[in-house]
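> First the structure, which I've put down as structure tokens, then a few questions once you've had a look.
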Amino acid sequence: MPVNISSYQSLIGELAKTDTTLVAVSKTKPFGDILELYNLGQRDFGENYVQELVDKAAQLPNDILWHFIGHLQTNKVKLIVPFVQLIHGVDSLKLLNEINKEAAKMGKVVNCLLQIHIALEETKFGFDEAELANVLSTIKLNKWPNVNICGLMGMGSFTDDIAITKKEFKQLKSLYDSNKEFKILSMGMSGDYKMAMEAGSTMVRVGSLLFGERQKKN
Ligand SMILES: *Cc1c(COP(=O)(O)O)cnc(C)c1O
């Protein structure tokens, strides 16, 4: 399936009005598709699978800003720490500890977002509100000097009910607003980015709208 250039152009026009960053989600898509958007000026790309991200980062232009948006296993952290721009889905203290440890070894500070569980589905990962408060108070103790918590990330429920999605985004935005240090709110995908923008998202993760539907996995 070809890259949808006109969708890309209208999307970046829309996002520019509110200074919202586009992460083009290129998981499962070939190098050529990424280069097509790269040649139009796109630099932020998102991937879900560690090995795929490592391969793409090694072979594509090195000024691409790679976002890891999937569920990250602790044993794979060291593979992406050397080059990743932002890890969106930090959903446990164990993972935060591991990122800090690997980043320290490499003398880096890694940008992370805490994933918040806002959806109705049990399967989606993330902290709840009480856990978030706990993580943030631990951060104040400077327990993770090699991790930079830039903000929050969330995924809405898989539903056609607009009221549910709006409510979830509003809830996430209010958690985001409760901490003055946060700078990035990553919410919104192909199907719900407009609602996410209205709710105050600063970064959307859009895949199929740009690259077409994916085969299997996700
Ligand atoms: C795949 C994925 C996206 C992009 O989804 P689309 O519906 O194709 O835009 C966004 N965020 C996460 C976490 C994803 O896994």
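The values are calculated or read from the model by the stated rules, or taken from the named source; none is laboratory data. All of these numbers come straight from a predicted model, not from anything done at the bench. Virtual Cβ from ideal backbone geometry, glycine too; neighbours counted across all protein chains shown. Heads up: the accessible areas ignore ligands, DNA and RNA and are worked out on the full protein's heavy atoms, side chains in. Shrake-Rupley method; radii C 1.70, N 1.55, O 1.52, S 1.80 Å.
> Might you tell me the accessible area per residue for the stretch 1-125, computed with a 1.4 Å probe and given in Å²?
Numbers: 5710 Å² over 125 residues.
Accessible surface, normalised per residue, equals 46 Å².
> Net charge around Gly188, counting only other residues with Cβ within less than 10 Å of its Cβ (Lys, Arg = +1; Asp, Glu = -1)?
So the surrounding residues net to 0.
> Please give the net charge around Ile64, taking every other residue with its beta carbon less than 15 angstrom from that of Ile64, where Lys and Arg add +1 and Asp and Glu add -1. Mind showing how you got there, number by number?
On the way: positive: Lys27, Lys29, Arg43, Lys56; negative: Asp33, Glu36, Asp44, Glu47, Glu52, Asp55, Asp63.
Charge balance in the 15 Å sphere: -3.
> Roughly how many Å² of Thr18 are accessible to a 1.4 Å probe, to the nearest 10?
Around 80 Å² of this residue is reachable by solvent.
> Only helical DSSP H runs with n ≥ 4 go in: add -39500 (n - 2.57) per run for the chain, normalise by residue count and round the 222 nm mean residue ellipticity to 500 deg cm²/dmol. Display every interim value, and only then the final one.
Working: 9 runs with 85 residues, N = 218.
Only helices count here, giving -11000 deg cm²/dmol.
> How high is the relative contact order of the chain, in percent, with contacts defined as C-alpha pairs under 8 Å that are six or more residues apart?
Numbers: 383 pairs, mean separation 46.5, N = 218.
Dividing the mean separation by the residue count of the chain yields 21 percent.
> If you find the alpha carbon centre of the stretch 128-181 and of the stretch 46-116, how far apart are they in angstrom?
Going from one Cα centre to the other spans 19 Å.
> Ignoring everything but the protein chains, give the 1.4 Å probe accessible area of Val206 in square angstrom, nearest 10.
Accessible area of Val206: about 0 Å².
> Just the number, please: Stokes-Einstein D of the stretch 77-193 in µm²/s, Kirkwood Rh from C-alpha pairs, 4 °C, 1.567 mPa s.
On the way: Rh = 14.8 Å.
So the translational diffusion coefficient is about 88 µm²/s.
> Probe radius 1.4 Å, ligands and nucleic acids ignored: give me the carbon and sulfur share of the accessible area of the stretch 56-110 as a rounded percent. Write down the numbers at each step before the final one.
Working: 1220 of 2440 Å².
Summing carbon and sulfur atoms, their accessible area is 50 percent of the total for the stretch 56-110.
> Let me ask something else. Sort Ser157, Ser6 by accessible area with a 1.4 Å probe, largest first.
Working: Ser157 10, Ser6 80 Å².
The ranking, largest first, comes out as Ser6, Ser157.
> Take the Cα radius of gyration of the chain and divide it by 2.2 N^0.38 Å, with N its residue count; two decimals is plenty. Please list the in-between numbers first.
Details: Rg = 16.7 Å, N = 218, 2.2 N^0.38 = 17.0 Å.
Relative to the 2.2 N^0.38 Å estimate, the chain comes out at 0.98.
> Could you tell me which of Leu60, Phe45, Val147 has its Cα farthest along the dipole of the chain towards the positive end, charges placed at Cβ (Lys, Arg +1; Asp, Glu -1), taken about the Cα centre?
Looking along the dipole axis, the top candidate is Val147.
> Further question: Within the set of other residues whose C-beta is less than 15 Å from the C-beta of Asn146, count the net charge using Lys and Arg as +1 and Asp and Glu as -1. Mind showing how you got there, number by number?
Values: positive: Lys78, Lys101, Lys105, Lys108, Lys143; negative: Glu98, Glu102.
Result for the local shell: +3.
> Residues of the stretch 176-213 with amide nitrogen under 20 Å from the 7 Å Cα-to-Cβ point of Asn4?
Output list for this probe position: 187-198, 203-213.
> On to the next question. When every alpha-carbon pair in the stretch 1-109 is counted, what percent end up more than 20 Å apart? Please list the in-between numbers first.
Details: 2567 of 5886 pairs.
Pairs farther apart than 20 Å: 44 percent.
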